[in-house]
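The values are calculated or read from the model by the stated rules, or taken from the named source; none is laboratory data. Computed from a predicted structure; not experimentally measured. Virtual Cβ from ideal backbone geometry, glycine too; neighbours counted across all protein chains shown. Ligands, DNA and RNA are stripped out before the accessible areas are found, and what is left, the full protein with its side chains, is counted by its heavy atoms. Shrake-Rupley method; radii C 1.70, N 1.55, O 1.52, S 1.80 Å.
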Amino acid sequence: MAIHGFRETERLKWNENNMKILQRVREVAFPSGSSQLSLVHVLDLAEKGFIKPHVDSVRFCGNTITGLSLLSDSVMRLVHEKKKENIIDVLLRRRSLYIMNLM
C-alpha cells in the first residue's frame with residue numbers, strides 16, 4: 001500500500017462553490033479539448049500520514065495529475081524511476097496547485 005494515514009473519496013458532483021474551483025483547475029491544468037477523468041479524487045492525509053514512493057498508472061490517472069495542497073505546506077519528493085540518484089524535493093505551499101504531465 002502506497003498511502004498511509006489518509007481518507008479518500010471520489011466524486012462526480014460537487015456544490016456550486018467547489019465546482020467553480022474545480023473548473024478553474026481544469027482550465028489551467030488540461031489543454032482545451034483534452035480528455036479528463038469524470039471523477040475527482042480527493043485524498044486527505046492525516047498529520048502523520050504519508051505517501052510512499054510509487055509510480056502512478058496512466059491507465060488509472062490519465063496523462064496529467066493535478067493536485068491542490070489545501071491545509072498545510074508539504075514537500076513532495078520526486079525520484080527518477082531508473083536513475084534513483086536524480087531526486088528533487090518540491091515545496092507545496094498551502095493553497096498551491098501542482099500539475100504533472102507526460103511530455
- Message: Rounded to the nearest 10 Å², what accessible area does Ser32 have for a 1.4 Å probe in the complete protein model?
- Response: 130
- Message: Per residue of region 71-82, what does 6.51 cos²θ - 1.76 cosθ + 1.60 with θ = phi - 60° give for ³J(HN,Hα)? Whole Hz please, x for Gly and Pro, Karplus curve as stated.
- Response: 8, 7, 5, 8, 10, 10, 9, 10, 10, 4, 4, 9
- Sequence of Met1, Met76, Met19 from largest to smallest accessible area, 1.4 Å probe: Met1, Met19, Met76
- Task: For region 30-101, state which GluC sites (Glu not before Pro) are in a DSSP loop and have at most 11 other beta carbons lying within 10 Å of their beta carbon.
- Result: Glu81, Glu85
- Task: Can you tell me the relative contact order of the chain? Whole percent, Cα pairs under 8 Å, sequence separation 6 or more.
- Result: 28
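Measure off, as a whole percent, the carbon and sulfur share of the 1.4 Å-probe accessible area of the chain, all protein chains present. Please report the intermediate quantities before stating the final value.
Values: 4800 of 8860 Å².
Answer for the chain: carbon and sulfur cover 54 percent of the accessible area.
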- Item | Cα-based helix-to-principal-axis angle, 16-29 vs the chain, degrees rounded to 10 | 60
